[in-house]
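Heads up: the structure comes next, in structure tokens.
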Amino acid sequence: IADLDVEHDGLKVKGGGKSMRWNVSGETYCWQTGGKGNVNERYFEFTTDVAGTVTVYSSNTGSSNAADRFVTVKVGDGEEQSLVGGTPSGEPATKTEFNIGAGNVKIYSTGNGLRFYKIEFHSK
């Protein structure tokens with residue numbers, strides 16, 4: 001879906017004109033990006049007034065290990081933070097954690113597409 005623009009409980013999911021879809025892996029549902037994202041396309045977004053930790057569970061879109069696919073988090077005009085997120089899709093998801101400040105938070109894949117299973121935010 002190229003024109004994806006949905007929101008649930010404060011989490012926005014935006015395709016920005018690029019492919020992104022709701023998918024299922026076994027019995028687990030996920031958002032799957034059709035390629036890498038950035039702050040303008042294929043991203044998840046929320047705003048927080050306090051600092052905290054963002055935890056993202058992700059995997060590769062295929063059955064191989066993809067160490068070149070990253071979960072990337074950017075808060076406002078700050079620097080990007082990236083961690084490898086490409087566990088094979090048939091295995092338990094990769095858990096990545098980012099310490100962030102308050103502001104507008106965007107989460108996206110860099111390198112290539114990923115499956116996103118869960119995004120959590122916990123204040124400090």
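The values are calculated or read from the model by the stated rules, or taken from the named source; none is laboratory data. All of these numbers come straight from a predicted model, not from anything done at the bench. Because the Cβ atoms are built from the backbone with ideal geometry, glycine has one as well, and the counts that use them run over all protein chains shown. With ligands, DNA and RNA removed, areas are computed over all heavy atoms of the protein, side chains included. Shrake-Rupley method; radii C 1.70, N 1.55, O 1.52, S 1.80 Å.
Each Cα pair under 8 Å and six or more residues apart adds its separation to the average, and for the range 46-124 the resulting relative contact order is 48 percent.
Since only Ser63, Asn23, Ala51 are under comparison, the one whose Cα sits farthest along the positive direction of the charge dipole of the range 1-63, derived from C-beta charges on Lys, Arg, Asp and Glu, is Ser63.
Measure off, as a whole percent, the carbon and sulfur share of the 1.4 Å-probe accessible area of the chain, all protein chains present.
Values: 2900 of 6500 Å².
Reported share for carbon and sulfur atoms: 45 percent.
Here the spin labels are modelled as points 7 Å beyond Cα on the Cα-Cβ line, and at Val24 and Lys12 they lie 3.0 nm apart. Averaged over its residues, the chain has an accessible area of 52 Å² per residue, based on protein heavy atoms and a 1.4 Å probe.
Centre-to-centre, using Cα atoms only, the range 102-123 and the range 22-52 are separated by 5 Å.
Against the compact-protein benchmark of 2.2 N^0.38 Å, the Cα-based radius of gyration of the chain scales to 0.97.
Here the dipole of the chain is about 240 debye; that uses its Cα centre as origin and unit charges on the Cβ of Lys and Arg (positive) and Asp and Glu (negative).
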